[in-house]
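Accompanying notes for the structure given below.
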Amino acid sequence: MDDVRPVPVERMEPAALETPEAIRAHFDALVGPVRRTEFTAYGVLCDQQHRPQANRAVDGCPEHPSVQECARLVSTFAEVLAASHPHGRLLLGVSRPGPDHVVESDRRWYQGLNRTCALHDVRPLGVYVLTPTGTFAVTLDDIL
């Protein structure tokens, strides 16, 4: 689970990921249908203007991770980002099979992202869930 791999995008958009539509389009270009059936975490490392600088992935994530497991995995992305783009932005995508609505593991990813980003002086851009049939954001309302 800790092997981080780069994820090339054939047509990486230089545009900032500032809207849900832009974020969904980025993940649609990044993650194909087969990968959306697997438990994988995708870190999109962005500069201060929300422009993607690199995409990273960790395959084989647990189906039901704890918040601590999520935070530990997200820290691998946050450490690379903090070293290469101080005060950068981190967008997290989590692929999984299942329903197109927030489940408990999605909430844990959200909590892990926010905890980790605070420790690394990295701004979180959010968590998006990538299922075989959709892409959607996990919001604060989903957590409360």
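Readers should treat all values here as calculations from the given coordinates under stated rules, not as data from a laboratory. From a predicted model like this one, the values you see are computed outputs, not experimental measurements. Cβ placement follows ideal geometry from the backbone for every residue including glycine, while neighbour counts extend to all protein chains displayed.
Ranked by how many other Cβ atoms sit within 10 Å of their own Cβ, fewest first, the residues D141, D106, D100, D47 fall in the order D141, D100, D47, D106.
Amide H contacts under 5 Å for V94: Y42, Y128, V129, L130, restricted to partners 5 or more places along the chain or on a different chain, H placed in the peptide plane at 1.01 Å from N. Considering only the chain, what is the antiparallel percent among its DSSP beta bridges, to the nearest 5? Percentage antiparallel, nearest 5: 75. Set the Förster radius R0 to 30 Å, insert the Cβ-Cβ distance between E18 and S66 as r into 1/(1 + (r/R0)^6), and round the FRET efficiency to 0.05. That pair, E18 with S66, gives E of 0.45. Determine the calculated [θ] at 222 nm for the chain from helices alone, applying -39500 (n - 2.57) to every DSSP H run no shorter than 4 residues and normalising by the residue count; nearest 500 deg cm²/dmol. About -11000 deg cm²/dmol.
Sequence-distant contacts, meaning Cα pairs under 8 Å at least 6 residues apart, place the relative contact order of the chain at 25 percent.
Cβ crowding within 10 Å ranks H85, H101 as H101, H85, fewest other Cβ atoms first. From least to most packed, judged by other beta carbons within 10 angstrom and beginning with the fewest, H87, H26 follow the order H87, H26. Global size of segment 17-143: 13.0, 36 Å for Rg and Dmax (C-alpha atoms, Rg to one decimal, Dmax whole).
Please give me the summed charge of the neighbours of H120: other residues whose Cβ is under 14 Å from its Cβ, Lys and Arg +1, Asp and Glu -1. Neighbour charge sum, excluding H120 itself: +2.
In terms of the mean number of neighbouring beta-carbon atoms within 10 Å, the peptides 69-81, 48-60 order highest first as 69-81, 48-60.
Placing unit charges on the Cβ atoms only, positive for Lys and Arg and negative for Asp and Glu, gives the chain a dipole magnitude near 160 debye about its Cα centre.
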